[in-house]
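What follows is a single structure, written as structure tokens, with notes after it.
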Amino acid sequence: MVARGERENATGQGRLVRPPMDPAHGVRKFKLSPHELVDAVTAAEDLFVLAHLGVPRVNPVCWTFSIDGLVERERSFTLDELKARPKKVVEAVHHCCGSPLEPNVPTRRAANVRWGGVDLAALLDELGIDPNARFLWSYGLDGGEFADKSCEWFLKDLPLERLAAGDVLLAHELNGVPLPAEHGFPVRLVVPGYYGTNSVKWLWKLHLASHRADGLFTTEFYNDELGEEDRAAGLPAQRPVWAIAPESIIVSPQSGTAVALGQPIEIHGWAWSFRSVATVEISVDGGESFTRATLEERRGWGWQRFSLIWQPSVRGEAQLCARASETSGTAQPRDGARNAMHFLAVLVR
Ligand SMILES: Nc1nc2c(c(=O)[nH]1)N[C@H]1C(S)=C(S)[C@@H](COP(=O)(O)O)O[C@H]1N2
Ligand SMILES: [Mo]
């Protein structure tokens, strides 16, 4: 009799049996609104939860993890073996790109946390990467139905080039404690600077390949259609949802609140992107005119605080928005994209 989550034979090479799923259907919990993102580091219990297929309940004693494909030496690890390796702690924005069925709708599901785990690039160096390897496929223990389609395992991929930018982790800790079940216990991939969907929870296998993974969540969903202009410039028609585009959230003032005429108040929030944000501009007239905000430096892959003192000078409704840009000049669009600017209205009286 094979315990669930264990391989069918003692060599560790047999077919994997899925652990019990509880629940065995998608989970979406969004706990904090923009005005509640007050802490620089988000508490684990306040983190949003996104599981497309359900939550596998993994017995850590039975769990093994393996790396195969285009590596010189394939290997598997127990949880104790992984935890015995040096632990790296990385602060990073954790940001869900929104529903793959509505890729252009902003959702502002974001947090900033500290992941602890094993440096994947160092581990792969030890195993030896085959020069033909270009993509890293990562498998979660969850499987089931999504959007009337079925998949055996939650499978994602990313370009191996991403490893060179550093800090891709096999994470076993979230804010200093073991990963909670909903967040991927016992081990998840964490790809700082990439949208949350790439950080595969309940990880059981990494596979190195010369081409992209042909899966529900790799080539069917999570690919953005590029516009005419990009295609005219010779870019491929689709771009995988990997690196985070410039993004910002206004935390204060809260949407719908009243502010006093003539009283200086601080407008502040968080900004981030894969390459880090160079400038944030704030508008108090619905995006007609912008003023550059003060912006803190990035810590690791974390979000950056921006702020601006505003002295409201006109009574009535004021439309606030923020616009983050990278050094390259790439900025948040006004609408029509997942990273469209965050607008909110306050009443000056
Ligand atoms: N195995 C697995 N990993 C997954 C998912 C999933 O459904 N299954 N969802 C992804 C998505 S869409 C997001 S946004 C993040 C959410 O991570 P969290 O629930 O820990 O906040 O996990 C990603 N990793
Ligand atoms: Mo997501």
- Message: Looking at region 31-70 only, could you name the residues that are in contact with an Asp or Glu (Cβ under 6 Å, 6 or more places away or on another chain), charged (D, E, K, R) and more than 22 Å from residue 185 (Cα to Cα)?
- Response: none
- residue 313: touching a Pro at 6+ places or on another chain (Cβ under 8 Å) and not aliphatic (A, V, I, L, M), yes or no? no
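Taking only region 71-92 into account, find how many residues are touching a Leu at 6+ places or on another chain (Cβ under 8 Å) and either surrounded by fewer than 19 Cβ atoms within 10 Å (Cβ to Cβ) or within 13 Å of residue 186 (Cα to Cα) (or both).
So in region 71-92, the residues touching a Leu at 6+ places or on another chain (Cβ under 8 Å) come out as 71-75, 82, 85, 88, 90.
Narrowing further to those that are either surrounded by fewer than 19 Cβ atoms within 10 Å (Cβ to Cβ) or within 13 Å of residue 186 (Cα to Cα) (or both): 71-75, 82, 85, 88.
Qualifying residue count for the region: 8.
Among the residues of region 216-243, which ones are among the aromatic types (Phe, Trp, Tyr) and either open to solvent by 60 Å² or more (accessible area, probe 1.4 Å) or closer than 22 Å to residue 329 by Cβ (or both)? Let's see the steps before the verdict.
Restricting attention to region 216-243, the residues satisfying the condition of being among the aromatic types (Phe, Trp, Tyr) are 217, 221-222, 242.
Passing the criteria: only 242.
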- If you go through region 85-120, how many residues are away from ligand 1 (no atom under 12 Å from the Cβ) and without any contact (Cβ under 8 Å) to a residue 12 or more places away in the chain? 1
- Query: From the list 186, 178, 192, which one is over 17 Å from the mean Cα position of the chain (by Cα) and closer than 15 Å to residue 89 by Cα?
  - Reply: 178
- Message: For a quick check of your reading: which strands (runs of 3 or more DSSP E) sit entirely within region 244-349 and have at least 2 residues that are buried (at least 20 other Cβ atoms within 10 Å of the Cβ)?
- Response: 247-252, 265-272, 279-283, 304-310, 316-325
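Take residue 80 and tell me if it is modelled with pLDDT of 95 or more and in contact with an Asp or Glu (Cβ under 8 Å, 6 or more places away or on another chain). Write out each step before concluding.
Numbers: modelled with pLDDT of 95 or more: yes; in contact with an Asp or Glu (Cβ under 8 Å, 6 or more places away or on another chain): no.
Against the criterion (modelled with pLDDT of 95 or more and in contact with an Asp or Glu (Cβ under 8 Å, 6 or more places away or on another chain)), residue 80 does not qualify.
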- Task: Go through region 217-241 and give me each residue that's hydrophobic (A, V, I, L, M, F, W, C) and within 14 Å of ligand 2 (Cβ to nearest atom).
- Result: 217, 221, 241
- Run down 206, 174, 226, 170 and say which single residue is under 25 Å from residue 102 (Cα atoms) and aliphatic (A, V, I, L, M). 226
- Item | Residues satisfying the stated conditions in region 153-164, i.e. buried (at least 19 other Cβ atoms within 10 Å of the Cβ) and outside any helix (DSSP H, G or I) | 153, 154, 155, 156, 157, 158
- Item | Out of 210, 150, sole residue that is of a type in the set (Ser, Thr, Tyr), under 26 Å from residue 107 (Cα atoms), open to solvent by 10 Å² or more (accessible area, probe 1.4 Å) and more than 16 Å from ligand 2 (Cβ to nearest atom) | 150
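Inside region 235-249, can you point out the residues that are of a type in the set (A, V, I, L, M) and modelled with pLDDT under 95? I'd like the intermediate steps shown before the answer.
Taking region 235-249 first, the residues of a type in the set (A, V, I, L, M) are 235, 237, 241, 243-245, 249.
Result: 235, 237.
The values are calculated or read from the model by the stated rules, or taken from the named source; none is laboratory data. These numbers come from a predicted model, not from an experiment. All Cβ positions, glycine included, derive from the backbone under ideal geometry; neighbour counts span all protein chains shown. Surface areas here come from the heavy atoms of the whole protein model, side chains and all, with no ligands, DNA or RNA. Shrake-Rupley method; radii C 1.70, N 1.55, O 1.52, S 1.80 Å.
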